[in-house]
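Q: Sharing a structure below in structure tokens format, with a few things to ask.
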Amino acid sequence: MKVLVINTGSSSLRYQLIDTEKDYVLAKGLCERIGIEGPFLKHVVEEDEILIECEMGTHRQALERVLETIIYTEPAPIKSLDEIDAIGHRIVHGGEYFTDAVLIDETVKEHIAECAKLAPLHNPSHLMAIEGCEELMPGKPQVAVFDTAFHQTMPPMAYMYAIPYEYYDKHKVRKYGFHGTSHKYVARRAAEMIGKPIEELKIITCHLGNGASVTAIKNGKSIDTSMGFTPLAGLVMGSRSGNIDPAIVSYIAENENITATEVTEILNKKSGLLAISGISNDIRDIEKAMDEGNERAKRAYDTFAYRVRLYIGQYSASLGGIDVLVFTAGIGENSARMRKKMVEGLEYIGIKIDDEKNQVHGVEADISADDSKVKTLVIPTNEELMIAEDTERIVKKELLKKQNK
Ligand code: AMP
């Protein structure tokens, strides 16, 4: 099946055309600066990369440019849009409505629109892309794959906040968790790599990129995760604070004479590694500064690693032990030094990595020491492939349903 995967942000649109039979990316690219000055489209087919500067005032226009580029730019992987079998959309927030990917219909669109309250930067742009596809490729099956769906298996004790119950009833304030597609993908790959059924494993997955989260997975299901009502919670991230004492928000607001909304903006954009180091949100810059003796860089680095270590400890308690630990995303896949730092002192729960095996970057690897009880794996994430596979699964399931009617 040829699936067009679409991932929109507030001013961006990423795409991949994937042949699911061959697990092969036929074309990929991204549109940036949609609706602002200087929009451009970067399109890649095999090794060929082209940059196109063109008018893209809306996500709908960006989508038109993408579809034209895919079929008319040589080498063209397909000659007509008819060759696309289905479209898979990454949707950031599905609230409590969706526990799996779904075929998009009017009700699904209404639910995505309702969840825009919870993800104001993302869900509206997802809807624009869905409606754009409806108009430009009428009748083509479209599937929504939610970042939140994988975590809908969490029990209430993991997702309830101890605040007045009416906020949950009225405003849906609870933990949702994010990065679900990535956690699901690497957990599944981990089970395949060690040759055991996922249903028999206790897995902790650490998605550590600019945004970062840890998930506890029991028998293939998410039972807890570090992000919360929003992607601001949990770990220390590039520019996000992660967990802090909630009273800090009003304290800073009063003392700096700013609003709570402004404090939240600071916690999202001016905190995390960037704030503690005073240098950068990028772990590579921080590692370099540490080597030059910068004390704040070291503090930022140690705080990041310590928070991850705490979550691994917490989640081994939630799971009642741990069989597999997985590192993925920019930092998890690439920084051997950070991986070593994060698992320091975790021998007591059976995690021991091999320094030599740990020297890997961006490839699948088992980095566990020979005598380690826990398997520690590095697995590059592939959210687009997971979305394409989910799309294929849902479309085939719906076809079967129709045939059996
Ligand atoms: P992501 O959000 O998954 O793209 O991850 C982005 C982050 O990964 C960057 O901010 C870096 O901190 C980190 N990263 C990417 N490449 C490397 C690398 N080669 N070594 C260490 N960290 C890296």
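Every number here is computed from the coordinates shown, using simple stated rules; none is lab data. The shown structure was predicted, so the numbers you read here are calculated from the model rather than taken from an experiment. Cβ coordinates were reconstructed from backbone atoms using ideal geometry, including for glycine residues, and neighbour counts include every protein chain displayed.
Q: Remind me, relative contact order of the range 159-262 in percent, using alpha carbon pairs under 8 angstrom and six or more residues apart?
A: 20 percent
Q: Then there is this: Extension gain Ile258-Tyr161, at 0.36 nm per residue separation less the Cα-Cα distance, in nm?
A: 32.3 nm
Q: Quick one, can you get me the convex hull of the C-alpha atoms of the range 261-396 expressed as volume per residue in Å³?
A: Values: hull volume 22.2 nm³, N = 136.
So the per-residue Cα hull volume is 163 Å³.
Q: If you don't mind, there's one more thing I want to ask. Report for the chain the percent antiparallel among DSSP-assigned beta bridges with both residues inside it, nearest 5.
A: 70 percent
Q: Suppose every K and R has +1 on its Cβ and every D and E has -1 on its Cβ; what is the size of the dipole of the chain about the Cα centre, in Debye to the nearest 20? Intermediate results must be reported in sequence, preceding the final value.
A: Numbers: 48 positive and 62 negative charges, 233 e Å.
The dipole of the chain has a size of about 1120 debye.
Q: Each label point is 7 Å from the Cα along the Cα-to-Cβ direction; what then is the distance between the points at Asp245 and His361, in nm?
A: So the label points at Asp245 and His361 sit 4.1 nm apart.
Q: Let me ask something additional. Compute the relative contact order of the range 193-252 as a whole-number percentage, counting only Cα pairs closer than 8 Å that sit 6 or more residues apart in sequence.
A: Across the range 193-252, relative contact order equals 23 percent.
Q: P(r) for the range 48-149, please, calculated from all Cα pair distances in 5 Å bins and given in %.
A: Answer for the range 48-149: a P(r) of 2, 12, 21, 21, 18, 14, 8, 4, 0 percent.
Q: Magnitude of the Cβ-charge dipole of the range 79-147, K/R +1 and D/E -1, about the Cα centre, nearest 20 debye?
A: Values: 5 positive and 13 negative charges, 47 e Å.
It works out to roughly 220 debye.
Q: Pick out the long, greasy-scoring helices in the chain: whole DSSP H runs spanning 24 Å or more along their own axis by Cα, mean Kyte-Doolittle at least 1.6.
A: Qualifying helices, which must be both long enough and hydrophobic enough, do not occur.
Q: Out of Ile283, Gly234, Val249, whose Cα points farthest toward the positive end of the dipole of the range 166-293 (charges: +1 Lys, Arg; -1 Asp, Glu; placed on Cβ)?
A: Toward the positive end, the furthest listed residue is Gly234.
Q: Which Rg and Dmax, in Å, describe the Cα atoms of the range 267-344?
A: Rg and Dmax of the range 267-344, Cα atoms, are 13.5, 41 Å.
Q: Right, another one. Checking the a/c ratio against 1.5 first, then a/b against b/c, what shape does the Cα gyration tensor give for the range 35-81?
A: Oblate.
Q: Let me check against my output: what whole-number percent is the relative contact order of the chain, with C-alpha pairs under 8 Å and at least 6 apart?
A: Relative contact order comes out at 14 percent.
Q: Roughly speaking, what % of Cα-Cα pairs in the range 186-330 are separated by over 19 Å, rounded to a whole number?
A: Tail fraction, whole percent: 57.
Q: Where in the range 168-206 does the amide nitrogen come within less than 11 Å of the point 7 Å from the Cα of Thr99, taken along Cα to Cβ?
A: Output list for this probe position: empty.
Q: Contour minus end-to-end for Glu344 and Glu37, with contour as 0.36 nm per residue of separation and end-to-end as the Cα-Cα distance?
A: Details: separation 307, 0.36 × 307 = 110.52 nm, distance 4.66 nm.
Length gained between Glu344 and Glu37: 105.9 nm.
Q: Output needed for the chain: three equivalent-ellipsoid semi-axes, defined as square roots of 5 times the C-alpha gyration tensor eigenvalues, in descending order, whole Å.
A: Listed largest to smallest, the semi-axes of the chain are 34, 26, 24 Å.
Q: Along the charge dipole of the chain, which of Val143, Gly180, Ala86 sits closest to the positive end, that is, farthest toward it, with unit charges on the beta carbon of Lys, Arg, Asp and Glu (+1, +1, -1, -1)?
A: Going by the Cα projections, it comes out as Gly180.
Q: Relative to 2.2 N^0.38 Å, what does the C-alpha radius of gyration of the range 311-375 come to as a ratio? Two decimals please.
A: In units of the globular-protein estimate, the range 311-375 measures up at 1.06.
Q: Still on this model: Using 0.36 nm per residue of separation minus the Cα-Cα distance, give me the extension gain between Glu68 and Lys221 in nm, one decimal.
A: This chain segment gains 51.1 nm when fully extended.
Q: Run the dipole for the range 271-405 about the Cα centre, Lys and Arg Cβ at +1, Asp and Glu Cβ at -1, nothing else charged, and hand back the magnitude in debye, nearest 20. Write out the running numbers ahead of the final one.
A: On the way: 21 positive and 24 negative charges, 134 e Å.
The calculation lands at about 640 debye.
Q: At a Förster distance of 30 Å, what's the computed FRET efficiency of Glu106 paired with Ile78, Cβ-Cβ distance as r, to 0.05?
A: The formula returns an efficiency of 0.55 here.
Q: The range 70-87 to the range 1-59: how many Å between their Cα centroids?
A: 13 Å
Q: So what is the 222 nm mean residue ellipticity for the chain from helices alone, if each DSSP H run of at least 4 adds -39500 (n - 2.57) and you divide by all residues, rounding to the nearest 500 deg cm²/dmol?
A: Here the helix-only value at 222 nm equals -12000 deg cm²/dmol.
Q: Something else now. In whole Å, what is the distance between the alpha-carbon centres of the range 141-174 and the range 311-359?
A: 27 Å
Q: Equivalent ellipsoid semi-axes for the range 101-206, as square roots of 5 times the alpha carbon gyration tensor eigenvalues: give them largest first, rounded to whole Å. Can you show the working numbers first?
A: Values: eigenvalues 156, 113, 21 Å².
Equivalent-ellipsoid dimensions as semi-axes: 28, 24, 10 Å.
Q: What FRET efficiency do you get for Glu114 and Glu292 if R0 is 56 Å and r is their Cβ-Cβ distance, rounded to the nearest 0.05?
A: So, using R0 = 56 Å, E works out to roughly 0.65.
Q: Could you compute the net charge surrounding Ile217? Neighbours are other residues with a C-beta less than 15 Å from the C-beta of Ile217; K and R count +1, D and E count -1.
A: With Lys, Arg at +1 and Asp, Glu at -1, the neighbours total +3.
Q: I want the antiparallel fraction of DSSP beta bridges within the range 1-160, as a percent rounded to 5.
A: Taking every DSSP beta bridge within the range 1-160, about 75 percent pair in antiparallel fashion.
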